[in-house]
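Some notes on the structure that comes next.
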Amino acid sequence: MKLLIFLFALTVGISVNAQPTATSVVSEINKFRLTQGVKAAKLDPDQAKAAQAQADWTVTTGLFQHSQTRAANGLPLLPEPWDRGNYFGATVVAENIYGVAKSSSAAYVVKGWIESPGHRKNLLYRVGDQPELECRVGIGIAQLKSDPTKIIVVMVIGDNVDRKTGQIRQ
């Protein structure tokens, strides 16, 4: 029976127990952004470092919150999302966090954010009118130490200005 369900899932394109990845979450974010008339966001390595730092901090400390209250994982105390962005040379203007089952799909994660007004607003972040400015996003994913069936997914969003140099990043 399991083989039959697996073959059906492959036929209709359903992922079976697929943990979300950064790429799959950004793909779902961009599907939503495009349906709302907002340009797609680009996956950015510096934003991803900021997001991963928060995901790792959350699972290390066991605290599910945006504001860090103590240093962890060999990093200095980076109290707010924009502090983490600055540390990694990225511009972070918003952060979404979600604790979900490891087997949740990326679509499920993004749907949860869409259904929350504040998180939805973050998903639709737009940069200024200058054509060289782009919306950039980073995704961090970490497994809970207390429950290996659960993960924390963190999204940070901002633009492509390097906060250390003030230059536009390509």
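Per-residue ellipticity at 222 nm for the chain, helices alone: DSSP H runs ≥ 4 residues times -39500 (n - 2.57), over residue total, nearest 500 deg cm²/dmol? Mean residue ellipticity at 222 nm (helix-derived): -11500 deg cm²/dmol. The simple Förster model, with R0 at 45 Å and r as the Cβ-Cβ distance, assigns Tyr108 and Glu132 a FRET efficiency of 0.85. Plainly put, the stretch 40-165 has a radius of gyration that is 0.96 times its Kirkwood radius, both from alpha-carbon atoms, as the Rg/Rh ratio. Residues of the stretch 95-123 with the amide nitrogen closer than 11 Å to a label point 7 Å from the Cα of Ser27, along Cα-to-Cβ, please. Once the point is set 7 Å along Cα→Cβ of Ser27, 106-107 turn out to lie under 11 Å by backbone N, inside the stretch 95-123. For the pair the stretch 36-100 / the stretch 108-170, the C-alpha centres are spaced 8 Å from each other. Once backbone amide H atoms are built at 1.01 Å from N, Val161 has Thr91, Arg169 as its partners under 5 Å, excluding neighbours fewer than 5 places away on the same chain. Which residues does the label zone of Val38 cover in the stretch 108-135, counting backbone N under 15 Å from a point 7 Å along Cα→Cβ? Only 110-129, 134-135 fall inside the zone, counting backbone N under 15 Å.
Read-outs: derived from the displayed coordinates by stated rules, not from any lab. Keep in mind that what you see is a predicted model, and the values were worked out from it rather than measured. Cβ: placed from backbone, ideal geometry, glycine included. Neighbour counts: every protein chain shown.
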